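**Student:** One structure is given below, represented as structure tokens, and several questions about it will come after.
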Amino acid sequence: MALAVGVAGLPVIGNVVSGLFPVVDPDFNVGDWIVWEDGEGIVETIRLRVTHVRTPSPSVVVTDLGDDAVALQTTLWIADPSHGAVVNIRSAYAGRAKARLRAEGFTVSPSAEHDLPGRLTVDGDAGGPGGTG
């Protein structure tokens, strides 16, 4: 009976031991870029039984399907996610997507415009109240 329990427990013990390696391995950390046979990605979390890896797979999802409009949400991978890069890439992507849709005969609505009433004061503005000029 002890032999049967021991043999049956081998896969469980193997899983626990193999789950410990990523947790305790100093060369495998959150934020690392990893590559394996079927893909690549960045390590998001490391736990005993699971490691989460964000992979660079873009997607487009329909978020609203109205009578005369379709709203889309796009997810894309940016290799250098610094603020400036994100702003420039998102702007370029939106421009190319709109141009492609228009080329295919779709009408693309302009971005929503909003009026922001109020007053803006900048300290040290030479031409404004309280300025030095």
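Taken together, the values in this text are just the output of simple stated rules run on the coordinates, not laboratory data. A quick note: this is a predicted structure, and the numbers were derived from the prediction, not measured. Backbone-built Cβ (ideal geometry, glycine too); neighbour counts: all protein chains shown.
**Student:** Considering only residues of segment 89-119 that are part of a loop (DSSP other than H, G, I, E, B) and among the charged types (D, E, K, R), which is surrounded by the most Cβ atoms within 10 Å (Cβ to Cβ)? Talk me through it step by step, then tell me what you get.
**Tutor:** First pass over segment 89-119, keeping only residues part of a loop (DSSP other than H, G, I, E, B): 104-119.
Adding the requirement that they be among the charged types (D, E, K, R) leaves 104, 113, 115, 119.
Numbers: Glu104: 7, Glu113: 5, Asp115: 5, Arg119: 4.
For segment 89-119, the residue satisfying everything is Glu104.
**Student:** Give the residues of segment 49-88 that are farther than 17 Å from Ser111 by Cα, touching a residue at least 12 places away in the same chain (Cβ under 8 Å) and surrounded by 12 or more Cβ atoms within 10 Å (Cβ to Cβ), sorted by residue number.
**Tutor:** Thr51, Val53, Pro56, Leu76, Trp77
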